[in-house]
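Quick notes on the structure that follows.
Every number in this text was worked out from the coordinates using simple rules, so none of it is lab data. Every value quoted in this text rests on a predicted model; they were computed, and no experiment measured them. Here the Cβ positions follow ideal geometry from the backbone for every residue, glycine too, while neighbour counts run over all protein chains shown.
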Amino acid sequence: MDSNIKLLKVSSKSKPNSVAGAIAGMIRSESRVQIQTIGAGALNQAIKGIAIARGFIAPTGQELMCIPYFKDIEVNGEIKTAIVLTIESK
């Protein structure tokens, strides 16, 4: 992960509208954000959040681009595979 990019951790219990607000705010100030998810439920909430954030950002003439990749991370001493989504405005 690029140390200059803010990391947003999304879980299966995250509310898509809250995720969207966080994404839109970070895109407006930083132009990039990374979202880390572990599991299908978390990825689902993150994707919903990105779709909603796109609606928040679109009136500014910007479009969101999503670049996903896998990353092994340690959680409570156990290695898990996360999907990290890099969101950028273009």
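Numbers at a glance
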quantity: Residue count for the range 57-66, restricted to those that are of a type in the set (Val, Ile, Thr) and either over 17 Å from the mean Cα position of the chain (by Cα) or exposed (fewer than 11 other Cβ atoms within 10 Å of the Cβ) (or both); calculated: 1
quantity: Output for the range 27-40, where each listed residue is farther than 18 Å from LYS71 by Cβ and in a helix (DSSP H, G or I); calculated: ILE27, ARG28, SER29, GLU30
quantity: Pairs, first without any contact (Cβ under 8 Å) to a residue 40 or more places away in the chain in the range 79-90, second part of a strand (DSSP E or B), C-beta under 8 Å, six or more apart; calculated: ILE79/ASP72; ILE79/ILE73; LYS90/LEU64; LYS90/MET65
quantity: Checking TYR69 against (1) surrounded by 13 or more Cβ atoms within 10 Å (Cβ to Cβ); (2) within 13 Å of VAL84 (Cβ to Cβ); (3) free of Cβ contacts under 8 Å to residues at least 40 places away in the same chain; (4) not small (Gly, Ala, Ser), the condition it does not meet; calculated: (1)
quantity: Those residues of the range 30-43 which are farther than 17 Å from LYS80 by Cβ and without any contact (Cβ under 8 Å) to a residue 40 or more places away in the chain, in sequence order; calculated: GLU30
quantity: Complete set of residues in the range 72-84 that are surrounded by 10 or more Cβ atoms within 10 Å (Cβ to Cβ) and out of contact with any Ser or Thr (no Cβ under 7 Å at 6 or more places or on another chain); calculated: ILE73, LYS80, THR81, VAL84
quantity: Filter result for VAL19 (without any contact (Cβ under 8 Å) to a residue 60 or more places away in the chain and either under 11 Å from the mean Cα position of the chain (by Cα) or crowded, with 17+ Cβ neighbours inside 10 Å (or both)); calculated: yes
